[in-house]
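One structure is given here, and the rest of the page talks about it.
We did not get these values from a lab; they are worked out from the coordinates using the rules stated. Source: prediction; values computed, not measured. Methodologically, a virtual Cβ is constructed for each residue, glycine included, from the backbone with ideal geometry; neighbour enumeration extends over all protein chains shown.
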Amino acid sequence: MALRKILTMGDPALSKCCRPVERFDQKLHDLLDDLKETLARAEGVGLAAPQIGILRRVVIVVDAEENMIELVNPVIVSQSGEQEGMEGCLSVPGKWGKVVRPNIVTVRAQDRNGDFFETTGEELVARCFCHELEHLDGHLFVEHTSQLYTAEELDEMEARGEEP
């Protein structure tokens, strides 16, 4: 396993559409392990392969029980409800914005061996599924928000009792 550099907004790799994974081999297993190690070190809740410069449809999301879910070739098969909340991204460090997402999301994906499965997430996990899968098509959360805030701005607003 190896720590990888997380690319930041402005890097061309973050705006490209990823290719599906076709080979479920040691190279994929190494990528998944590197993503997990990089995500753990960054203390995030999700990471997509293009964020480390690999244009493959591979994502890691931390679930409600703090397990890292490996999603290969993921697609959203159902979504319901709505939630609005602050969202950040390891590729947009130090910035957050208010984003509307579904409250419940079911994803169909393959595991590291190519076997299909479905998993459902609510609230933060549902938000992460949507956020990370958008990376696979070259999109960032900043496209869904009208304003970005720093941690200091959010702290000041909270101290004044204001909502962003």
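Under a Cβ-Cβ cut-off of 11 Å, what is the net charge of the residues other than E37 that fall near it, where Lys and Arg count +1 and Asp and Glu count -1? Please list the in-between numbers first.
Values: positive: R4, K36, R41; negative: D30, D33, D34.
It works out to a net charge of 0.
Each of R160, R112, R4, R19 has some number of other Cβ atoms within 10 Å of its Cβ, and from fewest to most they run R160, R19, R112, R4.
Annotation note: GluC sites (Glu not before Pro) in region 77-133 located in DSSP loop regions with a Cβ neighbour count of at most 10 within 10 Å are E82.
Membrane-span-like helices in the chain: DSSP H runs reaching 27 Å or more (Cα, own axis), mean Kyte hydropathy at least 1.0? All intermediate terms of the calculation are to be shown ahead of the outcome.
On the way: long enough: none.
Within the chain not a single helix satisfies the rule.
Straight-line cross-link partners of K5 among the aspartates and glutamates, defined as a Cα under 16 Å from its Cα and at least 8 positions apart when in the same chain: D30, D33, D34, E37, E43. The value of relative contact order for the chain, using C-alpha pairs under 8 Å at least six residues apart, is 23 percent.
Classify region 63-154 from the C-alpha gyration tensor, please: rounded if a/c falls under 1.5, else prolate or oblate depending on whether a/b exceeds b/c. Write out the running numbers ahead of the final one.
Numbers: a/c = 2.08, a/b = 1.79, b/c = 1.16.
Note, shape of region 63-154 comes out prolate.
Remark: region 46-62, residue by residue, has Karplus-estimated 3J(HN,Hα) of x, 8, 10, 3, x, 5, 10, x, 9, 8, 10, 7, 9, 9, 10, 10, 7 Hz, where x stands for each Gly or Pro and the curve is 6.51 cos²θ - 1.76 cosθ + 1.60 at θ = phi - 60°. Beta-bridge orientation, the chain: approximately 95 percent antiparallel, per DSSP, counting only bridges with both partners inside. Per-residue Cβ neighbour counts within 10 Å put I60, I76 in the sequence I76, I60, beginning with the fewest. Can you bin region 1-118 into rounded, prolate or oblate? Criterion: square roots of the alpha carbon gyration tensor eigenvalues sorted a ≥ b ≥ c, rounded for a/c under 1.5, prolate for a/b above b/c, oblate for the rest. It comes out oblate by the Cα gyration axes. If a spin label sat at a point 7 angstrom from the Cα of M9 along the line to its beta carbon, the backbone N atoms of region 61-92 nearer than 15 Å would be those of 86-92.
Residue exposure proxy: S80, S146, ordered by other Cβ atoms within 10 angstrom of their Cβ from fewest to most, comes out as S146, S80. Segment V75..R19, full-extension length gain: 18.8 nm, with 0.36 nm per residue of separation and the alpha-carbon distance subtracted.
Other residues whose C-beta falls under 15 angstrom from the C-beta of I76 contribute a net charge of -2, scoring Lys and Arg +1 and Asp and Glu -1.
Determine the distance separating the Cα centre of region 139-159 from the Cα centre of region 15-93; give it in Å without decimals. Cα centroid of region 139-159 versus Cα centroid of region 15-93: 22 Å apart.
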